[in-house]
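Worksheet for the structure shown next.
Read the figures in this text as sums done on the coordinates, not as results from a lab. Being a predicted model, the structure only gives us computed values, none of them experimental. Here the Cβ is made from the backbone with ideal geometry for all residues, glycine too, and neighbour counts use every protein chain on show.
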Amino acid sequence: MSIRRLPEHLVNRIAAGEVVERPASALKELVENSIDAGARRISISLSEGGLSSIDVVDDGCGMAPDEIALSLERHATSKLPDDAIEAVTTLGFRGEALPSIGSVADLTIESRVRGADGWHRRIDHGELVGEGPAALPPGTRIRVSNLFAKVPARRKFLRSARAEYAACVDVIKRLAMARPDIGFTLEHEGRRAILVAPDEQRVDRVAALTDRDLAENSVAVDYRREAVSLTGVAGLPTFNRGVADHQFLFVNGRPVKDRLLIGAVRGAYQDMLARDRHPVIALFVELPGDQVDVNVHPAKTEVRFRDPGLVRGLIVGGLRAALDEAGHRSVQRPSVAALGNWQAGGLPSPSAPSIPNGFAFGAAAERSGQGSVWDRVSDFAPAPMARAEPAHAAPPEQRSYPMGVARGQVAATYIVAEAEDGLVIVDQHAAHERLVLERMRRAMADGGVARQALLLPEVVEMDETGCDRLESRIGELAEMGLELERFGPKAMLVRATPALLGQGDVQGLVVDLADELGAYDEALSLKEKLDHVAATMACHGSVRAGRTLSVAEMNALLREMEVTPHSGQCNHGRPTWIKLGHGDIEKLFGRK
Ligand code: ADP
Ligand code: MG
């Protein structure tokens, strides 16, 4: 590589901007340089989340001593041999990163071109402090220490070492996904966090960096429209997560967080996923260089497409085609006209009817320490699609319950009840989730949620970032009834769960909570975000759709709904029940 100074007119065309705002952005620039240098293996080690040091070692082309000096000058790059910014295929091209980093940290570059001797140069906050021979294998080794140590204005805006570390991991995951041909290792405080070998298949690489189960729960995407292509891995709608940070998008091999692309992915999954669930996905868009401008954002994470409609169509069409082929068709949309006659949610002011037949349920069961009635239902046998039992237990006066008396269950998902004034259908999962949330709220207000110890503590494996997030909230989660312990770098040990959740899916609960916590600012206490956390917990403690319920259980659910505030809508804002009045039924049959 030979380095040259860019002429002024080109410098001005390059959107200016600060490239280094935190350790992760410095790391991104360094690793991109290693990739551009043709490295086959890149090793990264960090301490204190990169705040105290970042080391990047590569086996790329290296630099000669004069090139090392030039690389530290602003707008010196080897990557624009002519003036065609549009034709750039490397990750870098601005020639700003190394001088920027060198001006806000202690930066040492050691480098050796194959067949020559190594050389080093050290810059401390813009001052040259050392230069001379260096012993290293061919390639480049760069160390950045004490980032922003002498720039207090910047240091003030940095987050904790833990948060900076999480951002560094995210950067490396994205770059490693873009380049399955390159091997990456990442160590933090001497502990290995990422290890992927060179020359992997793309799907294996994506799975290694997201979720080991992705391979079995995804479809390959391979789609082309005009000169644009879309490839990658798309998680099945059922393999969803609670936050959107498992979405990895790339344009011409460059990781991007582009709003157009994110919106298109959401559009493709729209009617297959609840609004608050997100797919796991890695998508690679390739298109001719003249159709996309990568020069709009200093960190190059946003791009501008010449024909946004074409790209959006490609993503929606490509994802749908791939998901349809896998036999996972989108759910049918309900007919708006048919629903027009149904009345959703919204009870009159809650009355307090007695719990039928001495059936302990919900809050009453908690107080008596028996756990909820749902715990005792162990019948997971495949249910018939629709079922009606004579409701022996219902004495006539129960007809006056606002939610009515249960008459049966449809598709093991909906409770059908008869009220005095019409027919009620309840979504059992949505309704129960809401009840659990309200119970958690009450318990928190009364000073904490009762825990139930697991007979055998359960080990939940997940990525280190997720474990870190949970670990930093251990005290607050304990108040909510979830007792956790760190169990090695990539696992948590669960000792107790909130008693009112019953025996649920501990694994799913803990993984979803880790995701959920990722979406919060560290400054917020969980109490301030109680609704979200409790809702995530409630979702796991709830009666699933697909579970067969006895008539007594159905009635107990209806009675609790009647006395619980906000029970007419689920935690995601959808109705939990609908009612068709007698008059409406008559209209449907043309009797009126
Ligand atoms: P850019 O990547 O935009 O060219 P940088 O400031 O990141 O600007 O790097 C300046 C130049 O230094 C690069 O163009 C490249 O020639 C050289 N360089 C930087 N890092 C490496 C590396 N790891 N291996 C070889 N050359 C490098
Ligand atoms: Mg660069």
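Data table
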| read-out | value |
| --- | --- |
| Fewest-first ranking of 304, 179, using other Cβ atoms within 10 Å as the exposure measure | 304, 179 |
| The range 202-325 - charge dipole about Cα centre, Lys and Arg +1 at Cβ, Asp and Glu -1, debye rounded to 20 | 300 debye |
| Cβ-defined net charge surrounding residue 260, 13 Å radius [Lys, Arg +1; Asp, Glu -1] | +2 |
| Residue-count net charge about residue 173 - beta-carbon cut-off 11 Å; Lys, Arg +1, Asp, Glu -1 | -1 |
| Label-point separation in nm, residue 486 to residue 52, each point 7 Å along Cα→Cβ | 1.4 nm |
| Vicinal HN-Hα couplings computed from phi for the range 174-187 (Karplus, 6.51 cos²θ - 1.76 cosθ + 1.60; Hz; Gly/Pro x) | 5, 5, 5, 6, 5, 10, x, 7, 9, x, 10, 10, 10, 10 |
| Around residue 515: net Lys/Arg minus Asp/Glu count, Cβ-Cβ under 10 Å | -1 |
| log10 of Debye I(q)/I(0), alpha-carbon scatterers only, for the range 398-592 at 0.13 Å⁻¹ | -0.73 |
| Rotationally averaged projected area of the range 202-325 (alpha carbon convex hull; nm²) | 7.2 nm² |
| Amide hydrogen neighbours beyond the local backbone of residue 134, cut-off 5 Å, H modeled | 118, 119, 120 |
| Full-extension gain in nm, residue 136 to residue 582, via 0.36 nm per residue minus C-alpha separation | 152.1 nm |
| Neighbour-count order for 150, 28, fewest beta carbons within 10 angstrom listed first | 150, 28 |
| Mean projected area in nm² (Cα convex hull; one quarter of hull surface) for the range 8-196 | 10.7 nm² |
| Ascending count of other beta-carbon atoms within 10 Å, so fewest first, for 467, 168 | 467, 168 |
